[in-house]
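Note sheet for the following structure.
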Amino acid sequence: SEERYHRMISEVQDYAIILLSKEGLVENWNTGAEKIKGYKAEEVIGRNFRMFYTDEDLKVNLPEKLLQEAETNGRAAYEGWRVRKDGSRFWGHIVLTALHNDEHLVVGFSKVTRDLSERKQAEDAQRADALKLAEKNSALEKMNQELASFAYVSSHDLQEPLRKIQTFSSRVLELEDKNFSAKGKDYFHRIEKAA
């Protein structure tokens, strides 16, 4: 039973499963950890798990804070960039769980890491697309406002000449009614209607 349990842990490939000492030293390493992080077990056993964190995370002591949180609360979860052996980064989701002895004292931690780089890239692409769409919508709204403003100004500017046409054509008809032929009067009525 214990052997099967160890095989199960060691052969899982989609998750890096790491056993850490209370101080954060790597004590055990599975196939998934080798696949995700790029190190063979003999390269990391006995080294501090800080080696998997970015310089930015190390500056703010993130590994120690996660250990402290797991010791205090029983577990700590975090998502962020992690570093592989070759120096490349991957987006990892980690869960650190405190391991206790029979006296309920913390004796170490299990650390499970999953590579979520593909999901992160898809989310980033989706965010970039949404930003582009928002920018295009904003540009369209601005163009619509300009068009509405142009339509208002055009409409307003055209109303005055049309009013003048209506006013003067009706005045001409009133004053010169007897001087126009039926056809001339018809043309003036058409001008008024069109205006």
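The values are calculated or read from the model by the stated rules, or taken from the named source; none is laboratory data. Worth saying up front: this structure is predicted, and the values here are computed from it rather than measured. Positions of Cβ are generated from backbone atoms using ideal geometry, with glycine treated the same way; all protein chains shown enter the neighbour counts. What goes into the accessible areas is simple: the full protein's heavy atoms, side chains included, and nothing from ligands, DNA or RNA. Shrake-Rupley method; radii C 1.70, N 1.55, O 1.52, S 1.80 Å.
For the chain, the longest principal axis of the Cα atoms and the long axis of helix 62-73 meet at an angle of about 70 degrees. In the chain, the longest principal axis of the Cα atoms and the axis of helix 117-176 are about 10 degrees apart.
Per-atom-type breakdown for the chain gives carbon and sulfur 54% of the accessible area (1.4 Å probe, protein chains only).
For region 1-140, the per residue solvent-accessible surface stands at 63 Å², with DNA, RNA and ligands left out and a 1.4 Å probe. With a 1.4 Å probe rolled over the protein heavy atoms of all chains, the accessible area of 152, 39, 15, 187 falls in the order 152, 187, 15, 39, largest first.
Label positions at residue 134 and residue 181, each projected 7 Å from the Cα along the C-beta direction, are separated by 7.0 nm.
For region 52-125, applying the loop criterion from DSSP together with a ceiling of 10 other beta carbons within 10 Å to the GluC sites (Glu not before Pro) yields 103. Return, ordered by residue number, the residues of region 86-123 whose backbone nitrogen is under 11 Å from a label point located 7 Å along Cα→Cβ of residue 64. From region 86-123, the list is empty. Scalar couplings 3J(HN,Hα) for region 75-84, obtained by applying the Karplus form with A = 6.51, B = -1.76, C = 1.60 to θ = phi - 60°, are 7, 9, 10, 7, 10, x, 6, 10, 10, 8 Hz; x denotes Gly and Pro. Counting only alpha carbon atoms, the long axis of helix 182-194 and the longest principal axis of the chain meet at about 20°.
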